[in-house]
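*Asks:* For reference, the structure I am asking about is given below.
The values are calculated or read from the model by the stated rules, or taken from the named source; none is laboratory data. Nothing here was measured: the structure is a model prediction, and the numbers come from that model. Cβ: placed from backbone, ideal geometry, glycine included. Neighbour counts: every protein chain shown. Surface accessibility is based on the protein's heavy atoms, side chains included, excluding ligands, DNA and RNA. Shrake-Rupley method; radii C 1.70, N 1.55, O 1.52, S 1.80 Å.
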Amino acid sequence: MPQTTAGVAALPRQAPGSSPGGSEFTPLLRTVKSQDLLERRYAWYTRGIAVNALALAGLLTGIVMVGDSWWTLLLAPLLAVLCARTAFMGHDAGHGQITANKAAGRVIGLIHGNLLLGMSYSWWNHKHNRHHANPNHIDKDPDVAADVLVFTGEQAKDRTGFRRWLTRNQAWLFFPLTLLEGVALKIQSFRDLRRQSPRERSVEAVLLVSHLAGYTTLLLTSMSPGKALAFAALHQTLFGLHLGLAFAPNHKGMEMPDPSGEPWGHLRRQVLTSRNIRGGAVTDWFLGGLNYQIEHHLFPSMPRPHLRLAQPLVRAHCRELGIAYVEAGLVDSYRQALRHMYEVGEPLRAE
């Protein structure tokens, strides 16, 4: 078991202003390993997966029992919250946080992603790993590619038509747009099947279709079509909002590496582009550990319960090197992210 932060050994000192290469990260990695913070927490994840599965089973039973009543819609927000917990487990499986066995991790990811959420595990990993490798890099991070939203003035000036209007108002539209995220993830998952190998595609497709069929059957056999549609709309929009609330504070408004500049080392690349969210156990639960975004990016395979233990080590190491370690309250983090998107759209509003 890892030691608590009270017993953490002092970090090896390194001269401030040293070159931003791998040497900046090595002392931190050594200390983290010495505290066993990269060791898997099988019991913690087994318990978490079991509790989430039982909660989902109980809630689905409740939907069937309440049946064709408008009161059933009160269960939709609870299902959205449990689906977000399921997504967080799939995310951890994709990073190897739950188990070092890739085959076992893939099975866990397929169950939590494809079967329970209708979201492709392969698609998410392919996209998310590229993000982790080069966070906020305009040419390499798919999360900051120009799409519905844009994140730089260069992206904004090329917008035309309806997308130009979106960019002008993207700060105001951001959270309303996250209401569509749950459905968008499912659509992207089916589209990604074309990229996958035939063997991978067959497994992923069967599970995605099984989720869609099971979800539709559950709702239509439990309530009338009108109530089923209302339930699905409420559930999917709140699920998307929950994911948006979890992902929005992490990188938006943070440093964006210059594509033509000198590459940053691992430590600076991950720390300078990420923002942590202050809070306690409730914040940890609500954001699925993503509130420790800096630690997660530095050590993607670190089990979720160890991230809070690694935080003092990372913060102290960054202080020693004079590297900005950014933390914010939850509400303030949203304010900073929205301010950045507002400023990106400012030139278009001035026309």
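*Asks:* Out of all the residues in the range 212-262, which are open to solvent by less than 50 Å² (accessible area, probe 1.4 Å) and of a type in the set (Ser, Thr, Tyr)?
*Replies:* Residues satisfying the conditions are Tyr215, Ser222, Ser224, Thr237.
*Asks:* Select from the range 27-81 the residues that are under 28 Å from Leu313 (Cα atoms), within 27 Å of the chain's Cα centre (by Cα) and among the polar types (S, T, N, Q) and list them in ascending order.
*Replies:* Thr31, Gln35, Thr46 - these are the residues of the range 27-81 that are under 28 Å from Leu313 (Cα atoms), within 27 Å of the chain's Cα centre (by Cα) and among the polar types (S, T, N, Q).
*Asks:* Going through the range 263-287 one residue at a time, which ones are open to solvent by 20 Å² or more (accessible area, probe 1.4 Å) and either part of a loop (DSSP other than H, G, I, E, B) or within 20 Å of Arg304 (Cα to Cα) (or both)?
*Replies:* Pro263, Trp264, Leu272, Arg278, Gly279, Gly280, Ala281, Val282, Thr283, Asp284, Trp285, Phe286, listed by residue number.
*Asks:* So how many residues does the range 100-115 have that are over 19 Å from the mean Cα position of the chain (by Cα) and in contact (Cβ under 8 Å) with a residue 40 or more places away in the chain?
*Replies:* So the count comes out to 1.
*Asks:* How many residues, within the range 324-351, are under 30 Å from Arg308 (Cα atoms), in a helix (DSSP H, G or I), aliphatic (A, V, I, L, M) and out of contact with any Gly (no Cβ under 7 Å at 6 or more places or on another chain)?
*Replies:* Here the count works out to 3.
*Asks:* Something else now. Considering only the range 175-201, how many residues are closer than 16 Å to Pro249 by Cα and open to solvent by less than 20 Å² (accessible area, probe 1.4 Å)?
*Replies:* Residues that pass the stated criteria total 1.
*Asks:* May I pose another question? Answer yes or no as to whether Leu149 is over 22 Å from the mean Cα position of the chain (by Cα) and either surrounded by fewer than 20 Cβ atoms within 10 Å (Cβ to Cβ) or not in a helix (DSSP H, G or I) (or both).
*Replies:* No, not satisfied.
*Asks:* Give the number of residues within the range 99-123 that are open to solvent by 10 Å² or more (accessible area, probe 1.4 Å) and either more than 23 Å from Val206 (Cα to Cα) or of a type outside the set (D, E, K, R) (or both).
*Replies:* 16
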